[in-house]
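The values are calculated or read from the model by the stated rules, or taken from the named source; none is laboratory data. What you see is a predicted model; the values in this text were computed from it and never measured. Virtual Cβ from ideal backbone geometry, glycine too; neighbours counted across all protein chains shown. Calculation scope for accessible area: heavy atoms of the full protein, side chains included, ligands and nucleic acids excluded. Shrake-Rupley method; radii C 1.70, N 1.55, O 1.52, S 1.80 Å.
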Amino acid sequence: MDEISLEGFHLVQGQMFTNTPEPTMSLWYSGVAFNVACYAVLNDCGSIQLRVHHTQKKILISPCPSKDRDAVNWQKSPDKQKSKKLECSKFAHPLYERWELNKNARYRAPGKLVMADKKVMILFDFSDPEVWESTKTANASQK
């Protein structure tokens, strides 16, 4: 076994690997998904409302009663939170068109906590999102 010097190496703090990611939202041409941190930030609420700001490319989510007319049930199961893709092509297709997004790509944006109308909400800014091309599309273009 080779002996090396630790000179020049910097110790990485363990807290950089904690499992408390920031809330994120992902968009597909056929749906949306929220990571587990979103559930925790909104106190594991069962339903949310979505609001879209088309010119700023932002989406705002807030907890709401499940009986609300515009409620979206976003949980797989109340006792076990997992990220869940919500199929909603009637929402996603027009959003992709309006925001001029590539329908073969997935987009992800970080969320930040905000207050509005005395409610805690999460604001997602898609003006500069992370982008992933579909592997199916990428593989097809290489052939």
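As a test of reading the structure, rank Lys119, Lys58 by solvent-accessible area (1.4 Å probe, protein chains only), most first. List each step's numbers first, then the result.
Numbers: Lys119 90, Lys58 55 Å².
Largest to smallest exposure gives the sequence Lys119, Lys58.
Separation between the Asp117 and Asn102 pseudo-spin-labels, each 7 Å from Cα along Cα→Cβ, expressed in nm?
About 3.7 nm separates the two model spin labels.
Please report, as a whole percent, how much of the solvent-accessible surface of the range 40-126 comes from carbon and sulfur atoms (probe radius 1.4 Å).
Working: 2700 of 5590 Å².
C and S atoms contribute 48 percent here.
Heavy atoms only, 1.4 Å probe, whole protein assembly: order Met1, Met121 by accessible area, highest first. Spell out each step's value before the answer.
Values: Met1 230, Met121 10 Å².
Result, largest first: Met1, Met121.
Take the alpha-carbon positions of the range 83-133, form their convex hull, and give its projected area averaged over all directions (one quarter of the hull surface) in nm².
Values: hull surface 18.7 nm².
Orientation-averaged projected area of the Cα hull: 4.7 nm².
Taking 0.36 nm per residue of separation and subtracting the Cα-Cα distance, what length does fully extending Ser30 through Glu87 add?
Details: separation 57, 0.36 × 57 = 20.52 nm, distance 0.59 nm.
Full extension from Ser30 to Glu87 adds 19.9 nm.
How large is the accessible surface of Leu86 in square angstrom, using a 1.4 angstrom probe and rounding to the nearest 10?
Its heavy atoms expose roughly 20 Å² to the probe.
With a 1.4 Å probe and all protein chains kept in place, how much accessible area does Tyr29 have, in Å² rounded to the nearest 10?
Looks like 60 Å² after rounding.
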